[in-house]
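For reference, the structure is listed below as structure tokens.
The values are calculated or read from the model by the stated rules, or taken from the named source; none is laboratory data. What you see is a predicted model; the values in this text were computed from it and never measured. A quick note on method: Cβ atoms are made from the backbone with ideal geometry, for glycine too, and the neighbour counts reach across all protein chains shown. Heavy atoms of the whole protein, side chains included, go into the accessibility calculation; ligands, DNA and RNA do not. Shrake-Rupley method; radii C 1.70, N 1.55, O 1.52, S 1.80 Å.
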Amino acid sequence: MSTGDALHLHALVHLHPDRRRPALAAGAGMLILAVAAILFPAAAIRVVGAASGWLLWFAGALMLAVGLLTFSGALRGLAIGAALAAVGLGAFLTFNPTVGALAAALVLAAALVADGSFQLAAALHLRPLAAWRWLLASAATSLVAALLLAAGLPVRTPQAVAILLAAAFGSTGLALIATGLVRTAPRRDPAP
């Protein structure tokens, strides 16, 4: 076995042999999300904004339950006040999804940093495989999109946010498809 074959087999240890089909399906799903974000940027931003509102609304409801069941006295009153503020803000974001989406842009930037960092680590672990370049490109795309979202460049309009999300989703989809298509055996060059 050559050194290249050994590196290829070492990298394959990091890929579960039975989980390639889900990677292909998830990659296709990410590509569909990217295309939808490009074709319907306003709708994509409304979905992100409404989802962030529902999430905050739900978190507020949980905070209310914890406040009522766990605390007593003045602390209970403070917990209820904080929970009702979260519920109110969640309702506002749900019914004003564009505002919610633009507010969620910073949270999206943090999520893209986490996604890009993971993809960078995965690319370095899978380096001898052909898919590592796709993961590296996707990591760079996610990190650049996060930087642009956090900096507010371009202006945080729904269309700009949708384009950055589409770029990140699309590159992640392509990287997942490339990872799902990795060959399990090292390539054999014909003997000279």
Quiz item: Of the conditions (1) modelled with pLDDT of 90 or more; (2) over 29 Å from Gly53 (Cβ atoms), Val182 fails just one. Which one is it?
Solution: (1)
Quiz item: Hey, among Leu68, Leu106, which residue is aliphatic (A, V, I, L, M) and over 24 Å from the mean Cα position of the chain (by Cα)?
Solution: Leu68
Quiz item: Counting only residues that are of a type in the set (A, V, I, L, M), open to solvent by less than 70 Å² (accessible area, probe 1.4 Å) and modelled with pLDDT under 90, which one in segment 140-163 is nearest to Met30 (Cα to Cα)?
Solution: Ala162
Exercise. Report yes if some residue within segment 64-74 is touching a residue at least 60 places away in the same chain (Cβ under 8 Å) and not aliphatic (A, V, I, L, M); otherwise report no.
Key: no
Exercise. Return a yes/no flag: does segment 127-148 have any residue that is out of contact with any Leu (no Cβ under 7 Å at 6 or more places or on another chain) and closer than 22 Å to Arg46 by Cβ.
Key: no
